[in-house]
Structures are given as structure tokens and as C-alpha cells.
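Step one of this worksheet: look at the structure below.
The values are calculated or read from the model by the stated rules, or taken from the named source; none is laboratory data. Just so we're clear, the structure is a prediction, and the values are computed from it rather than from any experiment. Here the Cβ positions follow ideal geometry from the backbone for every residue, glycine too, while neighbour counts run over all protein chains shown.
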Amino acid sequence: MEPKLVKFEIKELPELCVIGKEIRVKMSELGKNNPLPAFWEKCMNESIFETIEKTLRENIYDPAYVGFMKMLNKDEFINVCGMLIKPDVKAPEGFVKYDIESCTIGMGWIQGPYPDIFMAEHILTEEAVKNAGYNYDVTKNFTFELYNSPRYTNPDENGNRILDYYMPIAKEK
């Protein structure tokens, strides 16, 4: 099955932050030697989510895991393996924190097999954003994946998952 957009919404995202562990990735690394799966496996093995849940329990905005991406330049970005947290909290020692200002976002549910959904998430969501009369707001300089349970964590009988993909948007001019 080709990845497809199965739901799209425009929502207001409140001021938040993402807290987790980060890796810098060059766009050229996303092919055969993509470092992201090994990075996420390392984060899981180091129980970073348990640390966040234990130390920031009352401040967790959403219990789903997040893959937060921020471009550093046209060839490199950071990826944070973490969680969305209410603003004005301190990150646990050894963790990074990135503030997210309140904004309008386009949220797409992308259905398909792993890892194909990751190759289609941005394109399919941005297409829905444009069809709704908006543009991806590159001035905000972030996107993120939300690994919702059970949509993402429990594949269907054909091995397909649903990945939530968020991008800041602005009205088309």
C-alpha cells in the first residue's frame, strides 16, 4: 500500500516545548545509512521516556512520543526524540529543550507501511495544507511526528500504521 492521507485538520497549537535527546542529521544521510532508527533505538534503550514521565509527569501535554525536526540549514537538521511538555519547565539534566510558540498547524494522519510513511508525511500533509488555502510556515522552522498509541504503535492486519504529522501553517497570500 502506498502511504496516503486519511485525515487532515487545522488546529491551534498552544505554547509548548519539546524535551528529549537530539541528534544532528545531514540530509545526505537519510538514504541507506539513515542514523535516525539507531538513534531512536538508543533513546528507547536508555529509557528517556520513562525519565521524562517520572520527572515531568504533571507537565506532559501529550503522552505520545514525538519526533521533533528543526532545520539548521538546507543540508542539516536536528531531530529530537522526546515528548511535548507544557511551557516554562526545566529539562532534566542531559536533555534538550526547544520552545514551540503557539501557532496554527496542519495535522495530517498518514497511513501506510513502515518506513514508507516517513517518506510521504511532509509531502501529503503539505498538499492538504495548500488545498485548504494555507502554506507551510517555514518561518517557524519545525515539524514533528506524533507516534500516537494505538494508531501508530499497533499496525493493522496488513502492517499499516497511522503517523500524525504536524506542520505550522499560515494563510496563503
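Does the range 48-63 contain at least one residue that is assigned to a helix (DSSP H, G or I), farther than 17 Å from Asp164 by Cα and among the aromatic types (Phe, Trp, Tyr)?
At the first step, the residues of the range 48-63 found to be assigned to a helix (DSSP H, G or I) are 48-55, 57-59.
After this cut, where a residue has to be farther than 17 Å from Asp164 by Cα as well, the list is 48-55, 57-59.
So of that shortlist, the ones also among the aromatic types (Phe, Trp, Tyr) come out as 49.
Among the residues of the range 48-63, at least one is assigned to a helix (DSSP H, G or I), farther than 17 Å from Asp164 by Cα and among the aromatic types (Phe, Trp, Tyr), which makes the answer yes.
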Filter the range 87-146 down to residues that are surrounded by 15 or more Cβ atoms within 10 Å (Cβ to Cβ) and aromatic (Phe, Trp, Tyr) and give me whichever is farthest from Ala64 (Cα to Cα).
Tyr134
Filtering the range 46-64 down to residues that are under 15 Å from Asp88 (Cα atoms) and free of Cβ contacts under 8 Å to residues at least 24 places away in the same chain, which residue is surrounded by the most Cβ atoms within 10 Å (Cβ to Cβ)?
Arg57
Find the residue count for the range 148-173, including only residues that are under 15 Å from Tyr114 (Cβ atoms) and touching a Lys or Arg at 6+ places or on another chain (Cβ under 9 Å).
9
Residue, farthest from Val18 (Cα to Cα), within the range 80-131, restricted to residues that are touching a helix residue (DSSP H, G or I) at 6+ places or on another chain (Cβ under 6 Å) and part of a strand (DSSP E or B):
Ile110
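Does any residue of the range 132-140 turn out to be in a loop (DSSP other than H, G, I, E, B) and of a type in the set (Ser, Thr, Tyr)?
Yes - at least one qualifying residue is present in the range 132-140.
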For a quick check of your reading of the model, give me the residue pairs whose first member lies in the range 88-99 and is within 22 Å of Pro14 (Cα to Cα) and at pLDDT 95 or above, whose second is among the β-branched types (Val, Ile, Thr) and assigned to a loop (DSSP other than H, G, I, E, B), with beta-carbon atoms closer than 9 Å and at least 6 apart or on different chains.
Lys97/Val89
Among the numbered conditions (1) in contact with a helix residue (DSSP H, G or I) (Cβ under 6 Å, 6 or more places away or on another chain); (2) over 23 Å from Leu16 (Cα atoms), tell me where Gly31 comes up short.
(1)
Single condition Trp40 does not satisfy, out of (1) assigned to a strand (DSSP E or B); (2) surrounded by 13 or more Cβ atoms within 10 Å (Cβ to Cβ)
(1)
Hey, any hits in the range 23-30 for a residue that's part of a strand (DSSP E or B) and closer than 30 Å to Ala132 by Cα?
no
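Only one of Gly133, Gly112 is closer than 18 Å to Lys171 by Cβ, touching an Asp or Glu at 6+ places or on another chain (Cβ under 7 Å) and at pLDDT 95 or above; which?
Gly133
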When both residues are 6+ apart or on different chains and their Cβ atoms are under 7 Å apart, which pairs have a first residue that lies in the range 8-26 and is touching a residue at least 24 places away in the same chain (Cβ under 8 Å), and a second that is assigned to a strand (DSSP E or B) and of a type in the set (D, E, K, R)?
Cys17/Lys97; Cys17/Asp99; Ile19/Lys97; Arg24/Glu76; Val25/Glu76; Lys26/Glu76
